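Everything on this sheet refers to the single structure shown next.
The values are calculated or read from the model by the stated rules, or taken from the named source; none is laboratory data. The shown structure was predicted, so the numbers you read here are calculated from the model rather than taken from an experiment. Methodologically, a virtual Cβ is constructed for each residue, glycine included, from the backbone with ideal geometry; neighbour enumeration extends over all protein chains shown.
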Amino acid sequence: MDFNALDHPYFMREALHEAEQAGLAGEMPIGAVVVHAGTIIGRGRARHTQRHSEIAHAELNALLEAEKHIHDHIHDGIVLYTTVEPCVMCLGAVVMSDVDHIVFGLYDVNIHPQQMLAMPYVRRHIRDYLGGILVEESLELFKRFRQQDVPFFSLSSAP
Ligand SMILES: [Zn+2]
């Protein structure tokens, strides 16, 4: 798979659609899709309120939807698109799911994943880690649905 040839904005728009649906449902406006060979094999959105769960993150939900397909058929070339930078739990789930590329929108100012990404075990699994895709659109969703959380996100990576 040629990672650089992927239409990142196209798939991020799909993740943003999930994020908007989450926002409309009163959840955190975060969405994610898992992509293999140009096809979406998993979709997820934040469902904290619906599931009474602190760990029902969009990325985890998308990975759970994709996991059977991944387990049965796929060994590489899988991309997770998420509208915000993954948390440590979701980054760990990405590694354990054999997903090897991460594309996200907004940067999380509280997450400094460099040390985790530098771990040899993680580095072997995550080949690309690309942020800032359709970042304005992701921020707009927070302004619309979760104004109080806007300060936790950034349009660019922390210095
Ligand atoms: Zn997470």
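Couple of notes before you dig in:
- Selection of region 5-20 for residues being among the hydrophobic types (A, V, I, L, M, F, W, C) and closer than 16 Å to residue 135 by Cβ yields 11, 12, 15, 16, 19.
- Residues that are within 15 Å of the ligand (Cβ to nearest atom), over 15 Å from residue 14 (Cα atoms) and in a loop (DSSP other than H, G, I, E, B) within region 41-52 comprise just one, 47.
- Scanning region 78-98 for residues that are of a type in the set (D, E, K, R) and crowded, with 20+ Cβ neighbours inside 10 Å yields a single hit, 85.
- Residues in region 57-86 that are at pLDDT below 95 and within 16 Å of the ligand (Cβ to nearest atom): 67 only.
- If only residues of region 37-53 that are over 19 Å from residue 145 (Cα atoms) and among the aliphatic types (A, V, I, L, M) are counted, the one that is surrounded by the most Cβ atoms within 10 Å (Cβ to Cβ) is 41.
- Breaking point among (1) out of contact with any Leu (no Cβ under 7 Å at 6 or more places or on another chain); (2) touching a residue at least 24 places away in the same chain (Cβ under 8 Å), for residue 54: (2)
- Residue 93 fulfils the conditions (1) within 13 Å of the ligand (Cβ to nearest atom); (2) modelled with pLDDT under 95 except for a single criterion, (2).
- The residue list 101, 75 contains one member that is surrounded by 14 or more Cβ atoms within 10 Å (Cβ to Cβ) and in contact with an Asp or Glu (Cβ under 7 Å, 6 or more places away or on another chain), which is 101.
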